[in-house]
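First comes the structure, then the notes that go with it.
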Protein chains: 4
Amino acid sequence: MKIGFIGLGIMGSRMAANLQGAGHELVVYNRTQGKADALVENGATRAATPEEVAGQCRLVFTMLSTPEAVEEVALGQDGFLRALPGNSLWVDCSTVNPSFSKKMAWHAKKMGQRFLDAPVSGSLMPAEKGQLIFLVGGDGADLEQVRELMDVMGKAVVHVGDHGQGAGMKMVNNMILGQAMAAFAEALRLGTSLGISEEMLCDTLLSGPAAAPFLKLKQPKLLSRNFSPEFPLEWLHKDLHLASITAYEQNVALPSLQTTKELYALAKQQGLGEEDMSAIYRALLPDQAK
Amino acid sequence: MKIGFIGLGIMGSRMAANLQGAGHELVVYNRTQGKADALVENGATRAATPEEVAGQCRLVFTMLSTPEAVEEVALGQDGFLRALPGNSLWVDCSTVNPSFSKKMAWHAKKMGQRFLDAPVSGSLMPAEKGQLIFLVGGDGADLEQVRELMDVMGKAVVHVGDHGQGAGMKMVNNMILGQAMAAFAEALRLGTSLGISEEMLCDTLLSGPAAAPFLKLKQPKLLSRNFSPEFPLEWLHKDLHLASITAYEQNVALPSLQTTKELYALAKQQGLGEEDMSAIYRALLPDQAK
Amino acid sequence: MKIGFIGLGIMGSRMAANLQGAGHELVVYNRTQGKADALVENGATRAATPEEVAGQCRLVFTMLSTPEAVEEVALGQDGFLRALPGNSLWVDCSTVNPSFSKKMAWHAKKMGQRFLDAPVSGSLMPAEKGQLIFLVGGDGADLEQVRELMDVMGKAVVHVGDHGQGAGMKMVNNMILGQAMAAFAEALRLGTSLGISEEMLCDTLLSGPAAAPFLKLKQPKLLSRNFSPEFPLEWLHKDLHLASITAYEQNVALPSLQTTKELYALAKQQGLGEEDMSAIYRALLPDQAK
Amino acid sequence: MKIGFIGLGIMGSRMAANLQGAGHELVVYNRTQGKADALVENGATRAATPEEVAGQCRLVFTMLSTPEAVEEVALGQDGFLRALPGNSLWVDCSTVNPSFSKKMAWHAKKMGQRFLDAPVSGSLMPAEKGQLIFLVGGDGADLEQVRELMDVMGKAVVHVGDHGQGAGMKMVNNMILGQAMAAFAEALRLGTSLGISEEMLCDTLLSGPAAAPFLKLKQPKLLSRNFSPEFPLEWLHKDLHLASITAYEQNVALPSLQTTKELYALAKQQGLGEEDMSAIYRALLPDQAK
């Protein structure tokens, strides 16, 4: 049975390639069609619309950048969800907000389909190497159906809980990611203002227990001012925005998150949205040091 | 030659004990005299004032809680600095702001003494086990004079740079520490509001690259709501306050820091100042869940 | 011709009563039916659903608390919009976000209807006294059709611009409202901590040019700690949340707004959502002074 | 008897001129001597040092930009305080923090002198026109001695309370001033992003009750992008910084203040410190609109 894969950006293209590499037949769709070319050359079937994917599969993965994009491919004019055979399984790996995932689960159920929210932890390199971590919300039996495929694309699967809780776990993970990055950028900013070199600051802070391990991967970008995107700043900003909306829905106050989110908004406004999230450091620098 | 040690609180008492354990003779002073008893029983000489310490040593360590306290023992009415023999060495291990350290270095020089700012990274347990990291600002030759003693109290020595830069490194380290703690508390708060358990959140987030390693040590406190102080919240708040003042002096904007600092201020205002810094989580909880 | 009025809460009930007092025949609907009783006793026709309103009018006012509530009465199962005679006019006085107003304008147009976003500035007392200010987005000719009715309910009409810009003006007005209130509460908090009385602070600050005029109306609430709602805190929080979402949509960074919003979130979390917005002061007080 | 006046900047020069205009003989000192020329030409005596002022007066006004500057002229090497005849009166009109004023009161008393903290509300134009408001902390009898002179320089005198409380009132006044300005700038930013013109926004918002009256004076600066300083942004930032320090001393949490303060810090970092405080708007604009 073929597997549908919709959304072939930085992440999706690598995940789909890993499935293909493990011998699975894919039906692929991407709004910008060229991004499907490599997979198609290797044997994947190209679908002209999301709906066409649904005609050939009973299992569909989606990996898109925003809730709006997910809703469009699933429920829009050419959406796949109503076109799937009954009791099919839709696995949404996009990073979206929990209430959106719950809404998708509700739509799927109403149409006689099954749903998992299964966002992944890890960016470009882990996606390429099949080292992602799947954070899954939904029914355990549904998860078992795709666990083997997740093992192809990732190194671990966490069954967080019910629908929306996979999305929830991903969201809080990106909250601490974004805040660690911003805090480190502010520490560099203050430290260098005191005459301590960026190298000394990175070497000392990153070997201590107060720094998140992922920050080591950002050190070369920070020192070289080459912020080629591994995880684009505007994606992180979107995730923090979704966390902010979720906090409102849940009646929860998160002051630190909000200010950090706004720091990324300032960076985005300065034109840094498509650079790596670590470009938040650039946004903090005075003009002459950027 | 005896070594002076002033300030025998949570940290100082362990550091002094390690020096004593390595065979060094100490002259000790603490404002609350009882805190010196154990050291005195083991052979240390008790001084009635900081000045009295100066009469018996050419090397003095200080480990106090605020810049004001350091200034008082060094330069106050019974201060030790003017009473030291010429060309003595004062090593201040307190966590203070860089401009204060520079001022102390200036006073020391004016009085013909030498000075190192040498705050330590690590809290109660590392202090007890001699596993601190010294972050040193000042002259390299002065550092060499006390490196052996630092090796007794710690596991590493980083010569950051000039006077004030040891203090600066400590300050920025505690900035990322405080922000990682607050961000994690906010993540727990949002995650549990979505019905994910604290255990699931801790297990998942703390095994990933977005969480600072020290947070694992806080997990038991967070889960048990037993916030017995390892690093009191009000000390961390003080450090963030000093960072805020330093940012003002250096004409640097640090939005995330400021909001996080204020979150700790809210916690302190709620009476959580003497609990562990991880009690910031309690401050975020609604009343019934505290 | 009868006028439809949907949403008879604190504001809507007063606005409808003023229309009725000026001799206009109303068809009214409110989810909680009892809130329509007084108007019905005075001659208004009660509709059982929003759709029923549409059967008797070519002009409908809505005054509801959230975008979701507006969408439900307009486009939901018993929504009025598709049931209206062609080329009717819908005037939405609710405080909603600009992109939502634009979406409603789009839906109205698609169904052959006309739309104005016309939120009002002013709370309970101005609503009762017919002293509201209408901030209108949409076509000038449509506005002229209802200007006379607005003059009954209000003292001024501002034609801000196109669809969504009435909503936009209201939103930015409530931004400065919410921030002035929070800033004043913080000023009271700091001032009283210095031993200055609340009366002295209010008398001095409120007579100066730095305080927004509306704050004078809040002085009795602040001094008496009787925060009976004139403008409920949770409504203001909702408005700041909508501003936050709009800022995201517009790629605009608003750091001060975000933190102030979160202060109201903290207050709401403490159970102050249904009190007046000025209860933000209570949220800042230590427990014993609340 | 001559009156001493130290500090002849934007504010002090106008205040001193008004005293002179009312027939009082002045002894004046300013670090940059040229600033005293106009007063000296009109009959004032020039002092070469603060100490020289003390030799000719029993009443000294100071109007300086920072606590450090006040401390220097009062207690520094050539300070006036110890040189004054016993039981003289020092009136400090500078905007400083309350704990600093209390410290100055303590020094004055120790030296047998009397002290009032008497910062003024109002900037350049009110200073010139003798329309300042004096916010006074200290003894009522001392205030009576200078009330007549204050009436020459101002239009109102508020005896707030004890030493430091005049300074406290000024500080909280500038808190709400700075937050109203920042909130208005953010409102303009969001409103214009929605296509509403700056004129429409100013006209509508500034005629409503949510806008502080002083904002009307800023409208021409905002619209023309000519931010010539009436109240320099860096002075406001300093005042917010002093409020932040005071909040720390008083164990008070002020989240909104802190973030707003940091917004001014960002503006200062962008080189806007010497422009008017309303230049905070420029800091929020994207590059092309500045």
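Key figures
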| item | result |
| --- | --- |
| Extreme residue, farthest from B:Met104 (Cα to Cα), among residues of the stretch B:167-182 that are within 7 Å of another protein chain (Cβ to nearest Cβ) and in contact with a Gly (Cβ under 8 Å, 6 or more places away or on another chain) | B:Asn173 |
| Among the residues listed as A:Met181, A:Met175, the single one being under 22 Å from B:Met200 (Cβ atoms), in contact (Cβ under 8 Å) with a residue 60 or more places away in the chain and surrounded by 22 or more Cβ atoms within 10 Å (Cβ to Cβ) | A:Met175 |
| Residue in the stretch C:19-39 that is nearest to C:Leu8 (Cα to Cα), counting only those that are among the polar types (S, T, N, Q) and in contact with a strand residue (DSSP E or B) (Cβ under 9 Å, 6 or more places away or on another chain) | C:Asn30 |
| Filter pass, B:Asn226 being without any contact (Cβ under 8 Å) to a residue 24 or more places away in the chain and either touching a Ser or Thr at 6+ places or on another chain (Cβ under 7 Å) or surrounded by fewer than 19 Cβ atoms within 10 Å (Cβ to Cβ) (or both) | yes |
| Filter result for A:Leu75 (surrounded by fewer than 18 Cβ atoms within 10 Å (Cβ to Cβ), aliphatic (A, V, I, L, M) and not assigned by TED's automatic domain parsing to the domain that holds A:Phe231) | yes |
| Candidates D:Ala185, D:Ala156 - the one that is assigned to a helix (DSSP H, G or I), at pLDDT 95 or above and more than 8 Å from chain C (Cβ to nearest Cβ) | D:Ala185 |
| Residue that is surrounded by the fewest Cβ atoms within 10 Å (Cβ to Cβ) [pool: residues in the stretch D:211-223 that are at the interface with chain C (Cβ under 7 Å from one of its Cβ atoms) and of a type outside the set (Gly, Ala, Ser)] | D:Pro213 |
| Within the stretch B:256-275, tally of residues that are more than 7 Å from every other protein chain (Cβ to nearest Cβ), in a helix (DSSP H, G or I) and more than 18 Å from A:Ala180 (Cα to Cα) | 4 |
| Hits in the stretch C:188-210 (condition: facing chain D (nearest Cβ under 7 Å), of a type in the set (Val, Ile, Thr) and either surrounded by fewer than 24 Cβ atoms within 10 Å (Cβ to Cβ) or under 27 Å from the mean Cα position of the chain (by Cα) (or both)) | C:Thr204 |
| Some residue of the stretch D:48-56 being closer than 23 Å to D:Pro126 by Cβ and surrounded by fewer than 16 Cβ atoms within 10 Å (Cβ to Cβ) | no |
| Test: residue in the stretch C:231-245 that is more than 7 Å from every other protein chain (Cβ to nearest Cβ), in contact (Cβ under 8 Å) with a residue 24 or more places away in the chain and not in a helix (DSSP H, G or I) | yes |
| Residue within the stretch B:32-43 that is within 19 Å of B:Trp90 (Cα to Cα) and either assigned by TED's automatic domain parsing to the domain that holds B:His107 or in contact with a helix residue (DSSP H, G or I) (Cβ under 8 Å, 6 or more places away or on another chain) (or both) present | no |
| Residue among A:Leu143, A:Leu124, A:Leu194 that alone is without any contact (Cβ under 8 Å) to a residue 24 or more places away in the chain and hydrophobic (A, V, I, L, M, F, W, C) | A:Leu194 |
| Qualifying residue in the stretch C:190-208 (condition: more than 24 Å from D:Ser99 (Cα to Cα), assigned to a helix (DSSP H, G or I) and at pLDDT 95 or above) | yes |
| Matching residues in the stretch C:229-256 - criterion: being surrounded by fewer than 24 Cβ atoms within 10 Å (Cβ to Cβ) and in contact with a strand residue (DSSP E or B) (Cβ under 8 Å, 6 or more places away or on another chain) | C:Pro229, C:Glu230, C:Phe231, C:Pro232 |
| Failed criterion for B:Thr49 (all others in (1) away from chain A (no Cβ under 14 Å); (2) under 21 Å from B:Glu148 (Cα atoms) hold) | (2) |
| Count of residues meeting criterion [surrounded by 23 or more Cβ atoms within 10 Å (Cβ to Cβ) and either more than 16 Å from D:Ala182 (Cα to Cα) or of a type in the set (Phe, Trp, Tyr) (or both)] in the stretch D:276-290 | 1 |
| Residue within the stretch B:107-121 that is outside any loop (DSSP other than H, G, I, E, B) and at pLDDT below 95 present | yes |
| Residue within the stretch C:246-255 that is within 14 Å of chain A (Cβ to nearest Cβ), of a type outside the set (A, V, I, L, M, F, W, C), in contact (Cβ under 8 Å) with a residue 24 or more places away in the chain and touching a Pro at 6+ places or on another chain (Cβ under 7 Å) present | yes |
| Answer residue from the stretch B:134-153, given it is surrounded by fewer than 23 Cβ atoms within 10 Å (Cβ to Cβ) and aliphatic (A, V, I, L, M) and is nearest to the other protein chains (Cβ to nearest Cβ) among those | B:Leu143 |
| B:Gln113, sole failed condition from (1) away from chain A (no Cβ under 12 Å); (2) in contact (Cβ under 8 Å) with a residue 40 or more places away in the chain | (2) |
| Some residue of the stretch C:98-118 being more than 25 Å from C:Glu51 (Cβ to Cβ) and crowded, with 23+ Cβ neighbours inside 10 Å | yes |
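The values are calculated or read from the model by the stated rules, or taken from the named source; none is laboratory data. As the structure is a computational prediction, the values presented were derived from the model and not from experiment. Backbone-built Cβ (ideal geometry, glycine too); neighbour counts: all protein chains shown.
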